[in-house]
1. Distances over 19 Å make up what percent of all Cα-Cα pairs in the stretch B:350-417?
2. Antiparallel DSSP bridges in the stretch B:5-241: what percent, to the nearest 5?
3. Under 11 Å from the Cβ of B:GLY412, count the other residues' Cβ atoms, weight Lys and Arg +1, Asp and Glu -1, and hand me the total.
4. Of the residues A:ILE309, A:ILE54, A:ILE154, which exhibits the maximal mean-square fluctuation in a Gaussian network model of chain A defined by a 10 Å Cα contact cut-off?
5. Kindly sort B:LYS48, B:LYS230, B:LYS43 by accessible area of their heavy atoms, largest first, with the probe set to 1.4 Å.
6. Obtain the nm distance between the two label points defined at B:GLN374 and B:ASN9 by a simple spin-label model: each point lies 7 Å from its Cα along the Cα-to-C-beta direction.
7. Calculate one ³J(HN,Hα) per residue across the stretch B:485-498 by plugging θ = phi - 60° into the Karplus curve 6.51 cos²θ - 1.76 cosθ + 1.60, and present them in order as whole Hz with x for glycine and proline.
8. If one takes the longest principal axis of the Cα atoms in chain B, at what angle in degrees, from 0 to 90 and to the nearest 10, does the Cα axis of helix B:433-448 lie?
Amino acid sequence: MKRLTISPPLAAVLLAIVLFLLSGFLPNGFGGNLDVATAQAINIVRLSVFLGIIAAGQTLVIISGGEGIDLSTGAVVTLTAILTYTIVNGRNEQVLPALLAVLVVGGLIGLVNGAGIAFLAISPLVMTLGMAGVVSGLILVITHGNVSGAVAPIMTQLIARPVLLGIPGAILIWAVFAALMWLLLERTAFGRRLFAIGANRTTARLSGINVTGMVIATYALSGMLAGLGGFLVVGNTGVVHIRIGDPFLFPSIAAVAVGGTLLTGGKGSYFGTMAGALVLTLITSLLTTMQMQESVRRMVLGATLLTMIAIYGRQRGFRQ
Amino acid sequence: MPPLLAVRNVAKRYGAVQALIDASLEVDAGETLALIGANGSGKSTLSKVINGVVAPERGQLLLGGRSVHFDSPHAAKDAGISTVFQELSLVPQMTVAENIWLTREPLRRSGMIDRRTERRRTEDLLSLFAGTLRADLTPDTPVAALLPDERQIVEILKAISVNPRLLILDEATASLDSRQVQRLFELIGQWKAQGTAIIFISHRMAEIEQIADRYSVLRNGQTVGAGSMKEATANDLVTLMAPETAGGAVERRRLSSDILATRRIVLQIDDLRTSVLRGVSMQVREGELLGIGGLKGQGQRDLLLAIFGGTPWSGRITLDGKPVHFTHPRQAMNHGVALVPGDRAGEGLLSIRSILENLLVPSWRNYGFPLQMQRARRDASAIAARLDLKMAGLDAPVSSLSGGNAQKVVIGKWLLRNPRILLLDDPTKGVDIATKAEFYRLLTRLCEEGTTVILYSSDDEELIGLSDRVIVMHDGRISSELAGASLTTANLVAASLGVASGDAP
């Protein structure tokens, strides 16, 4: 008998759809109203974009293996959100320089992470946790706790408002971004080598792959993507505070795991992470709609993560 | 009276490899039996059968005349069989005393570990080797701080601390210096006098002659001879160990030295040194198949790794007349050098990835941006067909393949790049006979096409059958070179053991 197997990204997407349909039966759900349902669906996807993009860097780092994880993501998002806010300061012509600046700053922080991990053999957990502390401290020193600035009108227009056929700009940005991530992972030598170093670094090295260079590049890229995330987050909210990135850290790792990427590296996809981001965002907003407390939301999110990972683990176990 | 231990007609198969076919031995209380044989003859497997690590498929173990079955090393230990392992079994983070008494800690009445007794007993044990150890080596020294020889001694003390009836020493002298070996031999004498039986496994003929009372010789998994050491010479033993030149599976016409001399020198190595190698010089010519022989772990792996840029080295390597100094395998790869490493799963494969990706790992750069996946797939299919890879499909995980087919993938990823120099580290280890024969044909064809092959093999027959020339390594150096008429199995075994090759029949 052929056993039914379902790929983790597909499982996560199905879970998201089922949850969404069920949410229609809630007291203040969409019921049978298709227009309301569509609007709600679009809103959920729009909200998932920011977690989805911030978790992209996390995906790369986790695929790269070697106990890879980036705990500086939250702090980098905060720093780059503040940078965007102050550089732009309400002027449209400053948007591109600000974007460039956050990519460079995020990339540099990631570069230091990668260098510490590759050259000093510091474990990724410790290195990026330390970096998170350094960046958070830096934010306090520079801002003294209050930030002045403003986002530009064009940012709000492109990120938070509908741009095409009632679809918000953020979703369009995510679609393009997803295509680029797929291209990077599946259709470049870098992507194939990333999976190789995640699967077995000794084999990768003895197959001519510059593992050190790959590790540094991956963490740098993760920093850059967190920078992009910070830029988009502030563009969406329009305001900034000095903990704005923190709530994204745990979900960015959870989204990767729920999306079926092996936490030990070497296997995974960005589509999985996207589905994971959808599931997590959906659950959070459902629980919020149901007026659940923060504590309950956390418990449900944690339990979801454990359940999904346990299911994937069993699937793999059976196959071997 | 029955012997202390009798092993009768034991057989054991690992997957496709028949490690033991028909092995027997007997050892009496108060006697030292040397268990000898060439690489891969089944010595380690037989010792693992005796100490319960491996369960035999056929055959019998008789302890004091009574049939026994050990289903774990623990059961064997309870029966009084203790082993000094070749792969060290100590916990680096724990102290010498903690390691020796691990799971057998002396307890106080309260159930707490009696550290004082543990330390005193450890001191008693360490005093056995007094004078050959560092003075500051105490029971409280962590094992991580010990040198290899000291670890080996702790390993020996741990084995003897249970007062065994039978002590198995598997290559226990390999990392000891001569004073320590002599002390060990004195102790063996004492233990024998107390009635302990000893099985001594070593590759060093001089030690065997000094310490053993009787010998038992294994060849290709079969016991081919046994007797008293008094009535045997080193050459008798070597003759027993050397397999008959069946040569059936391996057929390659050797290039004569005259023909070879006309070929271009592709690779020249002068005074190559690494942490293991102590000055290796050699040259290899175009289309030559150079064999590397010798006992395991004499620097063969390091030699291949150094050529491939996989380990730091000093000295001079000249490739096609130009000096090169590869510090990363990528550079070697771009100069047409390829390495099939010795640890297939750990160094050769990406186990969780597909066959397709394993074949293409070194070559992605050649497929542009975005990667031309159809062309990549075509190339991989072509290689798979050429190697007659038995697989469900290119997208199947490489972990679904048998040992021989998995090794084909490792070789295939390099063939895709048409290497000029192919380095192989024991490539047929754990590979079934049919696939071995395919490898031999493949290597023969590659050499005919002008590829230079350097092959280390633990299978002497394979080396003899395939190589134009064999260099034998011992302790990080080349100890002898065999070619032409002197390239015989007997000479190779003798050279590996350090017996002068001229004396061998």
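1. 22 percent
2. Taking every DSSP beta bridge within the stretch B:5-241, about 55 percent pair in antiparallel fashion.
3. Overall, the nearby charge balance is +2.
4. Highest fluctuation of the listed residues: A:ILE154.
5. Descending accessible area places them as B:LYS230, B:LYS48, B:LYS43.
6. My value for the distance between the label points is 6.3 nm.
7. 5, 7, 7, 10, 4, 4, 5, 5, 4, 4, 5, 5, 8, x
8. Once rounded, the angle reads 40 degrees.
The values are calculated or read from the model by the stated rules, or taken from the named source; none is laboratory data. None of these values were measured; they are calculated from a predicted model. As a convention, Cβ positions derive from the backbone with ideal geometry for all residues, glycine included, and neighbour counts pool all protein chains shown. Just so you know, the surface numbers come from the protein's heavy atoms only, side chains and all, with ligands and any DNA or RNA stripped out. Shrake-Rupley method; radii C 1.70, N 1.55, O 1.52, S 1.80 Å.
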